[in-house]
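Here the structure is laid out as structure tokens; the discussion comes afterwards.
The values are calculated or read from the model by the stated rules, or taken from the named source; none is laboratory data. Since the model is a prediction, treat every value here as computed from it, not as a measurement. Here the Cβ is made from the backbone with ideal geometry for all residues, glycine too, and neighbour counts use every protein chain on show. Accessible surface is based on the protein model in full, side chains and every heavy atom, while ligands, DNA and RNA are left aside. Shrake-Rupley method; radii C 1.70, N 1.55, O 1.52, S 1.80 Å.
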Amino acid sequence: MDNWRQVSVIAALMIMLVLPVPVQTRNTGSTPEGGLRPTMRAIFQALTTVIPLSLSGQRFRDSANRQRLHDALQALSHHAMKLTQHGQEAPASFNFLRHSLRDDAQKAFELFESESFEESRFILHHLTDNCFLCHSRLPSSQPFPLGKRFLEQMPMKQLDPHERMRLAVAARQFDTALASCETIFRSSELPAAQIDLMALFEDYLRIAIRVHGDFPRVIRTLETFQRRPDVPAYLANHLTIWIEALNRLQANRGQEDELTRARTLIQQGQRSNRYLADRQGLVHVTLASSLLHRFVDSRSKSERQLAEAYYLLGVAESYMPRTSWISETEFYLETAVRLAPASSFGKKAFVFLEEYLIMGYSGSSGLHLPSDIQTRLEELRAIVNHVSVEK
Ligand code: HEC
């Protein structure tokens, strides 16, 4: 298994070990307020110092910047920690990323303090993945003009396409993020196949569908891309299928509730995938995950329904290729198991998690399931087996 994958699985499981059982019984509303937004602004404020200085290794280790960076990294770590302490306002689905951000911020600060500057920059470089993954889940109700001003001052051209996208979404400039993707889709600097391999379509869909719900814009973008002369046959095929799906799904918003629609969409997406890593069902699973995030975030519902939603989120996430090293699949599946171990979804989530981890840890030299993960799986197995199975 790739190193980054291993790191993400281990990180995921370590974080799960410290999490309380994530039961959500309250209605949180669509925009978790409370301590969240002031804390977010403080985190953002710290990043406006850290990110520009971190772009150059030399400036990052320059003693003239030491105090400023110390203060900003300490503030970043402090507020990221606060996010986990005041998190009661946020839905349980945020638990994983809140803890992941806290750990990254703390590591970046500690590495800086021990003068491991390159390692600290490396962590900072990935830290905005947490912001991206959280912010790209739900529609955004509130403009954030400070984010726009920050991006205008950043030397965006120095950043690679992913970093540009991550930073724009961290600063909650979703339109800028989409526009920067569209520029890359139109530019001939990168071959079409390379753009696809960078998983930019996946990132683009996450924002255009889940945050903006703007199907016509995605259709136009994909149709324009399709006319490029360098699109390989396999990708032309994917694009045709995605455009068809977008046309059909935008016309048919359906009357059913989000959970029912998401369930159907995932089944349809899975049917159109010809093999496990196929991406033909990508539009379906992205839209399903969008509905599921709204479902777990919005109204109060039974634990059984929540367990199904988390199980489906785990399934949907496993079909959405990532450019980030953070995987949320395990967290969603474990949440489903713990919420309703007696339900059919708790059981299904356990079976899926078991397979996901075994597949993730096996390679040409056999199975390498670390002992802590094995112990974790056994604990979950016991939870699932010791409850009488209903329905
Ligand atoms: C656990 C999920 C999560 C993570 C991780 C996260 N955010 Fe947020 N962020 C939110 C939510 C939810 C909102 C509120 C949206 C709303 O109220 O409209 C928000 C809002 C914001 C805002 C707008 C505040 C305002 O006053 O409108 C900023 C700025 C922000 N986040 C920055 C960041 C940055 C930078 C990172 C990463 C270092 C980050 N966030 C990581 C979930 C998250």
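Table for the structure above
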read-out: Residue check for Arg294: within 22 Å of Arg253 (Cβ to Cβ) and part of a helix (DSSP H, G or I); value: yes
read-out: Test: residue in region 270-286 that is open to solvent by 90 Å² or more (accessible area, probe 1.4 Å) and under 24 Å from Glu223 (Cβ atoms); value: yes
read-out: Test for Asp214: is it touching a helix residue (DSSP H, G or I) at 6+ places or on another chain (Cβ under 6 Å) and open to solvent by less than 60 Å² (accessible area, probe 1.4 Å); value: yes
read-out: Test result for Arg98, open to solvent by 50 Å² or more (accessible area, probe 1.4 Å) and either part of a helix (DSSP H, G or I) or not hydroxyl-bearing (Ser, Thr, Tyr) (or both); value: no
read-out: Residue list for region 52-70, restricted to those being touching a residue at least 12 places away in the same chain (Cβ under 8 Å) and in a helix (DSSP H, G or I); value: Pro52, Leu53, Ser54, Gly57, Phe60, Arg61, Asn65, Arg68, Leu69, His70
read-out: Checklist (1) touching a Lys or Arg at 6+ places or on another chain (Cβ under 9 Å); (2) over 18 Å from Thr49 (Cα atoms); (3) within 14 Å of the ligand (Cβ to nearest atom); (4) among the polar types (S, T, N, Q) applied to Thr128, failing item; value: (2)
read-out: Sole exception among (1) within 16 Å of the ligand (Cβ to nearest atom); (2) buried (at least 21 other Cβ atoms within 10 Å of the Cβ); (3) hydrophobic (A, V, I, L, M, F, W, C) for Phe144, by number; value: (2)
read-out: Looking only at region 106-116, and only at residues there that are assigned to a helix (DSSP H, G or I) and surrounded by fewer than 20 Cβ atoms within 10 Å (Cβ to Cβ), the one that is farthest from the ligand (Cβ to nearest atom); value: Glu113
read-out: Hits in region 149-168 (condition: open to solvent by 50 Å² or more (accessible area, probe 1.4 Å) and either within 11 Å of the ligand (Cβ to nearest atom) or over 16 Å from Arg41 (Cβ atoms) (or both)); value: Glu152, Gln153, Pro155, Lys157, Gln158, Asp160, Arg164
read-out: Residue in region 33-46 that is more than 13 Å from the ligand (Cβ to nearest atom) and at pLDDT below 95 present; value: no
